[in-house]
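Colleague: Would you mind keeping the following structure in view while I ask a few things?
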Amino acid sequence: EAWWERQEVEDVVMGSDNSVDSTQAKLKAKFGAIMQQLKKAKDSWPFHGPVDTNVVKDYLDYVKTPIDFSLIFQRIDEGYYGSPEAFKADVNLVFENCRLYNKPNTQYYDCANVTQERFAKLCVKHEI
């Protein structure tokens, strides 16, 4: 069981006197659940960790703000995302970076499109 699922259940069962904390905990739980589901998608594998710039030497010439799922998970854990918009912007940046560096009709470009579409559907499902 993931910590955010457990936390969400505890918030519902225990209640919260602080509505801001409760709202943040619920957002954190939603963001974590979305990312777990996204990570399980078969086409999401290129985004699980950072691009190895020792191998892809010119990556940072094209991509100025590298980001990947592991950094997003870290940011969720740290409470970095204060709004759904900030969370969605980072996740979408993963796919934008991929399309910026890779050419259309490549495996990576296609993975970005498919995974981003799945992300949009998960956001609707989780109401963010």
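The values are calculated or read from the model by the stated rules, or taken from the named source; none is laboratory data. What you see is a predicted model; the values in this text were computed from it and never measured. Using ideal geometry, Cβ is built from the backbone for each residue, glycine included, and neighbour counts are taken over all protein chains shown. In case anyone asks, the SASA skips ligands and DNA or RNA and just uses the protein heavy atoms, side chains included. Shrake-Rupley method; radii C 1.70, N 1.55, O 1.52, S 1.80 Å.
Colleague: Report ³J(HN,Hα) in whole Hz for each residue of segment 58-71, in order, from the Karplus equation J = 6.51 cos²θ - 1.76 cosθ + 1.60 where θ = phi - 60°; Gly and Pro get x.
Modeller: 9, 4, 6, 6, 9, 9, 8, 10, x, 7, 8, 4, 5, 5
Colleague: Relative contact order for the chain: what percent, with Cα pairs under 8 Å and sequence separation of 6 or more?
Modeller: So the answer I get is 26 percent.
Colleague: Using a probe radius of 1.4 Å on heavy atoms only, what accessible surface per residue do you get for segment 40-104? Whole Å² is fine.
Modeller: Averaged over the residues of segment 40-104, the accessible area is 59 Å².
Colleague: Please list, in order along segment 93-106, the HN-Hα scalar couplings obtained from phi with the Karplus expression 6.51 cos²θ - 1.76 cosθ + 1.60 (θ = phi - 60°), rounded to whole Hz, x for Gly and Pro.
Modeller: 5, 4, 6, 4, 4, 4, 6, 5, 7, 9, 7, x, 6, 9
Colleague: Mind listing which chymotrypsin sites (Phe, Trp or Tyr not before Pro) in segment 26-128 are in a DSSP loop and have 16 or fewer other Cβ atoms within 10 Å?
Modeller: When the chymotrypsin sites (Phe, Trp or Tyr not before Pro) of segment 26-128 are filtered for loop state and at most 16 Cβ neighbours within 10 Å, Tyr80 remain.
Colleague: Loop only per DSSP, at most 13 neighbouring Cβ atoms within 10 Å: give me the trypsin sites (Lys or Arg not before Pro) in segment 64-121, ordered by residue number.
Modeller: Passing both the DSSP loop test and the Cβ count: Lys64.
Colleague: Something else now. Using the Karplus equation 6.51 cos²θ - 1.76 cosθ + 1.60 (θ = phi - 60°), what ³J(HN,Hα) coupling, rounded to whole Hz, does each residue of segment 22-39 give in order, writing x for Gly and Pro?
Modeller: Using θ = phi - 60°, the values come out as 5, 5, 4, 5, 5, 4, 4, 5, 5, 4, x, 5, 4, 5, 4, 5, 5, 5 Hz.
Colleague: Pick from Val91, Val56, Val114: which residue has the top mean-square fluctuation in a GNM of the chain where Cα pairs under 10 Å get a spring?
Modeller: Highest fluctuation among the options: Val56.
Colleague: Rg and Dmax in Å for segment 55-114, alpha carbons only: what are they?
Modeller: Calculated on Cα positions, Rg and Dmax stand at 12.6, 36 Å.
Colleague: Which percent of the accessible area of the chain is formed by carbon and sulfur heavy atoms (probe 1.4 angstrom)?
Modeller: C and S atoms contribute 51 percent here.
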